[in-house]
Structure formats: C-alpha cells, structure tokens
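S.K.: First the structure, then my questions, so here it is.
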Amino acid sequence: MTQHVVAFSKLRYVYPDGSVALSDISLRITHGECVAVIGANGAGKSTLLQQLNGSLSPTSGEVRVGDLPLNKATLPQIRRTVGMIFQDPDSQLFMPTVFDDVAFGPLNLGLPPADAEMRAQRALEQVDAWHLRDKPPYLLSGGEKKRVAIATVLSMDPAVLAMDEPSSGLDAFARRQLIALIKGFRHTRIIATHDMDLVADACERSIVLHQGRVVADGPSREIFRDEVLLAGCRLEKPLSLQGCPVCRVSLTLLPSDRG
C-alpha cells in the first residue's frame with residue numbers, strides 16, 4: 001500500500017440524533033507530517049479522528065489511506081496502517097501485564113510469538129517503558145499508561161498515528177516526555193488537542209475546526225498570529241507566544257531564547 005497520503009474528500013458526518021458533526025471536510029495529509037487538529041469542544045476533532053480507522057463511518061464523502069478508500073472490505077488493512085491512540089489509555093489496556101498488552105496486537109495479526117515479543121520489546125523501549133513490562137496496567141501512573149498505550153500501537157508498526165488529546169491529564173514532566181516522543185516519531189502524526197503549547201512545540205501545520213468545518217489550515221505559527229481567527233473559534237495562543245503580563249514582551253522573543 002502507498003502510505004504517503006491520508007485524504008478526506010467532502011466528508012460529512014451526522015449523528016443519529018441529527019446533529020451535524022462534520023460538514024464538507026476536504027484535507028490531504030502527506031507522509032511524515034505532524035498535523036494538529038484544533039478547535040473548541042464540540043468542533044468535531046475527535047469525530048474526525050474516528051473516521052480514520054472506521055470507529056465511525058462517514059454519512060457521505062470519502063476517507064482514503066494510501067491507495068485505499070475506507071470501506072468494510074479495506075477496513076482490516078487500513079486498521080493495520082492507522083494506529084489510534086485514544087484520550088483515555090484505560091480503553092487500550094486490558095491484559096494482565098504491560099508486556100501482554102503491547103504484544104497482544106502483533107499476536108492478533110498472526111505473527112509468531114517470537115516476532116510479537118520482539119516487536120513488544122522494541123515498542124516499549126521506544127517509549128522508555130521497558131522497565132514496566134511486568135507491571136499490571138492498573139498500577140501505572142497516568143503518564144506511564146499514556147506511554148504504554150502508545151507502545152501498544154507502535155508494536156503494530158503503523159504508518160499513521162492518530163492521537164486524541166494525548167497530553168490530557170499529564171503532569172509537566174510526563175507531558176515533556178510525550179512531546180519528545182511525538183517529535184521523534186517518523187510516522188505521519190495527526191493530533192487532536194486543546195494543548196496549544198504541544199502544537200507549537202511539535203506540529204508545523206494546524207487545521208482549525210469550527211462547528212464541524214475547516215476554517216483554517218496552514219503553518220501553526222501563522223494561525224497563532226491570527227487573533228481574529230483564534231477569538232472566533234474560542235482558541236488562545238500557546239502560553240509560550242503570549243506576552244508577559246509584567247514586561248509585555250512575547251516569551252519567545254526574550255534575549256535568552258534568541259541565543
């Protein structure tokens with residue numbers, strides 16, 4: 001399969017109660033990009049991500065991953081290509097130990113046990129969680145659960161990572177670890193988030209959703225400069241780009257930051 005493009009074409013999604021969650025979404029995301037999907041609560045971010053692996057099916061329009069349109073026939077292959085990391089890691093961790101959880105996906109793909117174990121070890125090492133391999137998931141901290149949940153997806157060797165609020169609930173240290181992980185991945189990364197500082201640190205491109213429509217798509221720094229757009233979509237600049245309330249100088253323009 002060609003893994004260079006994720007594309008949405010005139011996508012529309014209507015919930016059973018008649019609420020229009022997505023309307024006329026057309027986007028193209030190329031291989032290796034790290035793209036943020038931002039917007040206020042209810043803008044359609046999570047709904048858009050769930051179209052990528054068939055958790056939700058479009059009311060109309062098309063989703064393509066590589067050469068394949070997403071449909072019932074292609075869904076198993078696309079789910080091997082798109083790894084979904086949900087907001088709540090507990091929804092992805094259900095085995096007796098961390099290692100069992102991370103090896104589950106490769107085993108379910110039919111890999112020999114030795115190959116599945118190798119993949120699980122590699123994924124846990126990649127997220128700096130190998131030392132947690134024998135722990136029950138329920139004994140992990142929030143940050144540890146996030147890293148292990150990411151490892152469960154990495155062990156499937158996906159070409160695309162779709163992440164829903166990956167920094168939610170993390171303390172400052174765990175959040176910095178997560179951002180470093182995201183920046184180090186070679187995968188295509190699509191991140192739905194309210195964390196504007198994560199976007200500024202990791203995502204060169206941002207897609208702004210408002211009431212189920214794309215209202216902006218471009219370099220994150222340019223979007224963060226558009227104060228009218230941000231206010232209209234109930235968004236704020238990252239703290240790192242806001243002016244200091246004491247000296248009224250942007251934190252990113254301090255001499256110490258200019259080197």
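Just so you know, all these numbers are worked out from the coordinates, no wet-lab data involved. Computed from a predicted structure; not experimentally measured. Neighbour counts run over all protein chains shown; Cβ positions are idealised from the backbone, glycine included.
S.K.: Give me the log10 of I(q) over I(0) for the chain at q = 0.09, 0.10, 0.14 Å⁻¹, as the Debye formula computes it from C-alpha points; what are the numbers?
M.R.: The computed values of log10 I(q)/I(0) come out as -0.42, -0.52, -0.99.
S.K.: Once both labels are modelled 7 Å past Cα along the beta-carbon direction, what's the Asn108-Tyr15 spacing in nm?
M.R.: Calculated label separation equals 2.6 nm.
S.K.: Between Asn41 and Met118, what is the FRET efficiency for a Förster distance of 51 Å, r being their Cβ-Cβ separation, to the nearest 0.05?
M.R.: 0.80
S.K.: Tell me, what ³J(HN,Hα) does each residue in region 91-99 have, in order and in whole Hz, if you take phi through Karplus 6.51 cos²θ - 1.76 cosθ + 1.60 with θ = phi - 60° and put x for Gly and Pro?
M.R.: Residue by residue, region 91-99 yields 6, 10, 10, 9, 8, x, 10, 4, 4 Hz.
S.K.: Of the beta bridges DSSP finds with both residues in the chain, what % are antiparallel, to the nearest 5? Before the final figure, lay out the partial values.
M.R.: Working: 21 of 38 bridges.
Within the chain, antiparallel bridges account for around 55 percent of the total.
S.K.: Right, another one. Add -39500 (n - 2.57) for each DSSP H run of 4 or more in the chain, then divide by its residues: what number comes out at 222 nm, to the nearest 500 deg cm²/dmol? Mind dumping the intermediate values first?
M.R.: Values: 10 runs with 87 residues, N = 259.
So the calculated ellipticity at 222 nm is -9500 deg cm²/dmol.
S.K.: Restricting things to alpha carbons, find the Rg to Rh ratio for region 141-210 using the Kirkwood radius for Rh.
M.R.: On the way: Rg = 11.8 Å, Rh = 12.6 Å.
Ratio of gyration radius to Kirkwood radius: 0.94.
S.K.: Another question about this same structure. How long are the semi-axes of the equivalent ellipsoid of region 1-73, taking √(5λ) for every eigenvalue λ of the Cα gyration tensor, in whole Å from largest down? Can you show the working numbers first?
M.R.: Values: eigenvalues 85, 47, 18 Å².
Its equivalent ellipsoid spans semi-axes of 21, 15, 9 Å.
S.K.: Additional query: Can you give the extra length, in nm with one decimal, that the chain gains between His31 and Glu62 once fully stretched, where that is 0.36 nm per residue apart less the Cα-Cα distance?
M.R.: Numbers: separation 31, 0.36 × 31 = 11.16 nm, distance 1.87 nm.
Extra length available between His31 and Glu62 comes to 9.3 nm.
S.K.: Under a point spin-label approximation (7 Å from Cα along Cα-to-Cβ), what is the Val215-Leu139 distance to one decimal in nm?
M.R.: So the label points at Val215 and Leu139 sit 4.8 nm apart.
S.K.: Comparing Arg225, Arg79, Arg64, which has the greatest mean-square fluctuation in the GNM of the chain with Cα pairs linked when under 10 Å apart?
M.R.: Between Arg225, Arg79, Arg64, it is Arg225 that shows the largest mean-square fluctuation.
S.K.: Return Leu209, Leu56 ranked ascending by Cβ neighbour count within 10 Å, so the fewest neighbours appear first.
M.R.: Values: Leu209 25, Leu56 17.
With the sparsest Cβ surroundings first, the list reads Leu56, Leu209.
S.K.: Considering only C-alpha atoms, what is the centroid distance from region 52-81 to region 151-175, in Å?
M.R.: 21 Å
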